[in-house]
Structures are given as C-alpha cells and as structure tokens.
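Worksheet: the structure to be examined is printed underneath.
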Amino acid sequence: MSKTATLEIDGKKHEFPLITGTENEVAIDIKTLRAATGGVTTIDPGYKNTGSCESAITFLNGEEGILRYRGYAIEDLAEKADFLEVAYLLIFGDLPTTEQLEKFHNDIKEESHVDEDVKKIIEAFPKSAHPMGVLSSLTSALTAFNPSSVNVDSEEDMYKAIVKILGKFPVLVAWTMRKSQGQPLNYGSKNLGYVENILKMMFEKPNEDYKQNDILLNALDKLLILHADHEQNCSTSTVRMVGSSHASLFASLSSGISALWGPLHGGANQAVLEMLEAIKEDGGDTKKFMAKAKDKEDPFRLMGFGHRVYKNFDPRAKIIKVAADEVLGDLGVEDPVLDIAKGLASEALSDEYFVKRKLYPNVDFYSGIIYRAMGIPVEMFTVMFALGRLPGWIAQWKEMRLRKEPIGRPRQVYIGETHREFTPLEKR
Ligand code: SDX
C-alpha cells in the first residue's frame, strides 16, 4: 500500500498521507486539504465514507460481522464476562483484576444515590412521558446536583465523574420506569451486584420481598454487554461532538440519549416490537409487510433490519436470537411475535431486495422480545439500550478528551442565495 494519495484538481496534483490502523484500515489524512487546495473541502452526507477520529476502543468489520471491544471478541465477552467487567474494559482499556473490579464497584456504590430533589423533576413529568425524554432530561439535570463533575480535565476528576454517572444512571433508569408505572421510587442494595441491583430497583414490589431471578439476571447482563459500545455510531458521535466543546460528561451523555432515541437508531428496538405486534394484529401476513418494506412509495421499513456498517449478520443479533429462545424457554413464555420475527427474518434473508442490499437482522431485531419476556414495558426498550451503551459513551468521551481532540466543526457547501441588496419593508 503506498504511503500517500494523490488528488488532481485543475491539473494540479496534491498528495495526502495515508494512515493505516492496527486492523489495516486505511484512511486519507485530509487535515491539510483546504489550505493546500485554496479552499476545496469534501462532502459526505451521513459520513458514510468519512472517519471522525482514530480510536482504540471498538473494532467492527462489517463485511465479516466482527465486533471486538479493546481486542476481545464480543462472543467471548458475552459468554465469559459480566457487564461491569466489560464497562471497566471499555473505559480503562484492559480487563480488570479482581481487586481492580472490586474497587471500581465499591467506588460506584458510593455514588449510587440521587439527590431527593431529582424526584421533584420526575414527579413533574406526566406518566405518559416517553422514558427516553425523561432520562435525557434527568441525566442533564445531574449536572446541577454534581457541579464538581462539570469542568473535568484531569483523569482523576474524570474518574470521579465516571463512577458518579455509573452509580446514578441505573437509579434514573429504574425511577423512570417506576414513575410510568406509578410505583414507588426506591433504591437497591449495596450487597447486590451491579446488574442485580438494577433489576431489584426496577422490579421490587413495595409489599413483598424481592427474589432475584437468575434467568433475568443473566439475560440482562448479556444484553447490556452486547449494547456496550459500537464505535462511531450516531449517538456515540453525538457524545464525542458535544464533548468536544468541553461540555460536561453528563451533558454529553444526555445528548447521546437523545440521538439514540430515534427509530433509525436505538429507538428501533421499540419500533421492531410495534411492527411485530402490528403484523400479528393484521393476521401475521409477513409477505404483506415485506412488500411494504420494498415499496419505494411506502415509508415503511423493516425495523431491526439493515445496518450502516454490517453487510453481514450483526454478530450481536446472532447471540440475542439464541438468547431469546433460551430465555423464553426458561421462563416458559410462549410469545407468538418471536415466531413472526423468525418468519420475517427467514423470508428477508432469501428475498432478492434484501439480499442485494445486504440487509440483515441487527441488534434491535430480537432484543425487544427478551425485554418483553422480562416484563419491561416497550417504551423502556431504548432506555435499556442506553443503559448498556453508557460505558461505551463514557469510554469514547474520555478518549476524545484525553487525546485533546479539537472542537467538532464540519464545513459545508453553501447552495443558497448569493449576495442581494436589502429591500425596505414598504417596498416589498
Ligand atoms: C442501530 O451505527 C450503529 O452502529 C448503530 C447500532 C449501534 O449499536 O449503535 O448498531 C444500533 O442503530 C442499529 C440500526 C437500527 N435501525 C433500524 O433497524 C431501522 C431500520 N434500518 C434502516 O433504517 C437502515 O438500515 C439503517 C438506518 C440502519 C442504515 O441506513 P443506511 O446505512 O443509511 O442505508 P440506506 O438507508 O441508504 O439504505 C440502503 C438501501 C436503501 O434502498 P435503495 O435506496 O438503495 O433502493 O437499503 C434500503 C434503503 O431503502 N433499506 C431498507 C432498510 N434498510 C435499508 N429497506 C427496507 N427496510 C430496511 N430496514
């Protein structure tokens, strides 16, 4: 591979260095493009061909369906690690020792309370408020209750802000769900594991002793690991962009939650269940909905299908599909929409439209089926995605800040009116 790329404009040649990553990905470094060419820039809607940064956190190979966190295969982490271990790995770069993990968890436990005044904010929301809007608001509001976490520059101050949000975010997630259900806003127990504690806060009933269900615990732990990071997706790029202005970690995370909410992104897991329910209500005619998905005149898309990077099976979808069968079997739950999902997937995987466009089930296609079997309301599905993605967002924000990346400020190509004289109102 040569070391440079040559661009010729108006007969003049310009050379730009090629950079190669540890997985042999090659990029043209165009940092000097505008200066070297007298103002020429690039344009790439959706950044389909444009890298925003060099990162050492997550590697994807979309053609081969590979996903690795800090070099570890997602299949190994989902099977052999737990969520807090994976959070540590993403944020600090290596799998923790027992002592490191214990200290990390203890530091998080010390921060797993939320100012009582936050309950007043939650109470102000209508029960019908979408939990993603509540969660984004509460996450940003945490800045007001934790002013020391706003302007953090040192790794030490970052660590304090990181354990704060890892301690408080699960409380906000649980309280957001319980508010919508009219349930008391409670706390878990410091004697429980990180994910056990989340389940206790979400599902404990006021008038009965809470009993952990290992099936739910293992299922949620695996789902959170599978959602933990995914390189420069829409919401992570948003967290990095907002953080590049040196906005606080909590404010940057709040913006990531808002980006994740969209149905083309994390909101797809809720949209998938609503789509499967609609197909069931409509009599289960998957062929009719496949036709709608292929009809250019119809805005309907097969939610949970397709991916900007994966042009092969999303490795997470493979793992979640197996887990869905296991969890529903273990729970003794018969869910007809799982059969509809499988039918839809097998039809799409042999349909020329989907095959030609390399559209495969993605992480959102089966995850909602497990969340529903666990008793999580459909409006909470994307909140669960955010809970999983939290350590990835934190790791990416931290990497961007420690690498002292410049403030994000893309250029544009102006296509509006050229200069025109002002016409006074009375003459218009
Ligand atoms: C996530 O980026 C990440 O890493 C995201 C994520 C993460 O972990 O952070 O993996 C999580 O967001 C997964 C994606 C969840 N979204 C959905 O399931 C929504 C449905 N999917 C699509 O909207 C779409 O596939 C996207 C948004 C996921 C990807 O869109 P792209 O890369 O911009 O591709 P495109 O819209 O240009 O589609 C290419 C072609 C088009 O047809 P043509 O114009 O070429 O004829 O494929 C078609 C599209 O119409 N197409 C679909 C389709 N997805 C793409 N047609 C029907 N159903 C679909 N789902």
For Ala141: the one exception among (1) open to solvent by 50 Å² or more (accessible area, probe 1.4 Å); (2) modelled with pLDDT of 95 or more:
(1)
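In segment 377-406, which residues are assigned to a loop (DSSP other than H, G, I, E, B) and closer than 30 Å to Met177 by Cβ?
Pro377
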Which listed residue, of Ser350, Ser367, is out of contact with any Asp or Glu (no Cβ under 9 Å at 6 or more places or on another chain), open to solvent by 10 Å² or more (accessible area, probe 1.4 Å) and within 16 Å of the ligand (Cβ to nearest atom):
Ser350
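Can we say Leu260 is open to solvent by 20 Å² or more (accessible area, probe 1.4 Å), within 8 Å of the ligand (Cβ to nearest atom), within 19 Å of the chain's Cα centre (by Cα) and within 18 Å of Gln232 (Cβ to Cβ)?
no
Quick one: is Asp335 open to solvent by 50 Å² or more (accessible area, probe 1.4 Å) and over 20 Å from the mean Cα position of the chain (by Cα)?
Taking the combined requirement at face value, the residue does not satisfy it.
Residue by residue, here is whether (1) of a type in the set (A, V, I, L, M, F, W, C); (2) over 21 Å from Val195 (Cα atoms) holds:
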{"residue": "Glu23", "(1), (2)": "no, yes"}
{"residue": "Ile28", "(1), (2)": "yes, yes"}
{"residue": "Glu75", "(1), (2)": "no, no"}
{"residue": "Glu79", "(1), (2)": "no, no"}
{"residue": "Leu84", "(1), (2)": "yes, no"}
{"residue": "Glu102", "(1), (2)": "no, no"}
{"residue": "Val114", "(1), (2)": "yes, no"}
Reported set for segment 190-199 where residues are surrounded by 15 or more Cβ atoms within 10 Å (Cβ to Cβ) and not charged (D, E, K, R) is Leu192, Gly193, Tyr194, Val195, Asn197, Ile198, Leu199
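Considering only residues of segment 407-428 that are basic (Lys, Arg) and part of a loop (DSSP other than H, G, I, E, B), which is farthest from Gly51 (Cα to Cα)?
Checked segment 407-428; the qualifying residue farthest from Gly51 (Cα to Cα) is Arg428.
Could you please let me know if Tyr414 is among the aromatic types (Phe, Trp, Tyr) and either surrounded by fewer than 20 Cβ atoms within 10 Å (Cβ to Cβ) or in contact with a helix residue (DSSP H, G or I) (Cβ under 6 Å, 6 or more places away or on another chain) (or both)?
Criteria met by Tyr414.
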Take segment 202-251 and flag every residue that is within 16 Å of the ligand (Cβ to nearest atom), of a type in the set (D, E, K, R) and either open to solvent by less than 20 Å² (accessible area, probe 1.4 Å) or at pLDDT below 95 (or both).
Asp229, Arg240
Looking only at segment 168-186, which residues are surrounded by 18 or more Cβ atoms within 10 Å (Cβ to Cβ) and without any contact (Cβ under 8 Å) to a residue 40 or more places away in the chain?
Ala174, Arg178
For Ala124, are the conditions met, namely being open to solvent by less than 50 Å² (accessible area, probe 1.4 Å), farther than 25 Å from Val195 by Cβ and of a type in the set (A, V, I, L, M)?
no
Given the options Glu54, Glu79, name the one that is part of a helix (DSSP H, G or I) and open to solvent by 20 Å² or more (accessible area, probe 1.4 Å).
Glu79
Mind checking which residues of segment 150-167 are open to solvent by less than 10 Å² (accessible area, probe 1.4 Å), closer than 23 Å to Pro131 by Cβ and touching a Ser or Thr at 6+ places or on another chain (Cβ under 7 Å)?
Gly167
Residue list for segment 353-364, restricted to those being more than 8 Å from the ligand (Cβ to nearest atom), open to solvent by 10 Å² or more (accessible area, probe 1.4 Å) and in contact (Cβ under 8 Å) with a residue 40 or more places away in the chain
Lys358, Tyr360
Of the residues that make up segment 389-401, is at least one of a type outside the set (Ser, Thr, Tyr), buried (at least 24 other Cβ atoms within 10 Å of the Cβ) and either away from the ligand (no atom under 16 Å from the Cβ) or at pLDDT below 95 (or both)?
no
The conditions are (1) open to solvent by 50 Å² or more (accessible area, probe 1.4 Å); (2) at pLDDT 95 or above, and Ile74 fails exactly one of them. Which is it?
(1)
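The values are calculated or read from the model by the stated rules, or taken from the named source; none is laboratory data. Keep in mind it's a predicted model, so treat the numbers as computed, not measured. For neighbour counting, all protein chains shown are included, and Cβ atoms are generated from backbone atoms with ideal geometry for every residue, glycine included. For accessibility, only protein heavy atoms count, side chains too; no ligands or nucleic acids. Shrake-Rupley method; radii C 1.70, N 1.55, O 1.52, S 1.80 Å.
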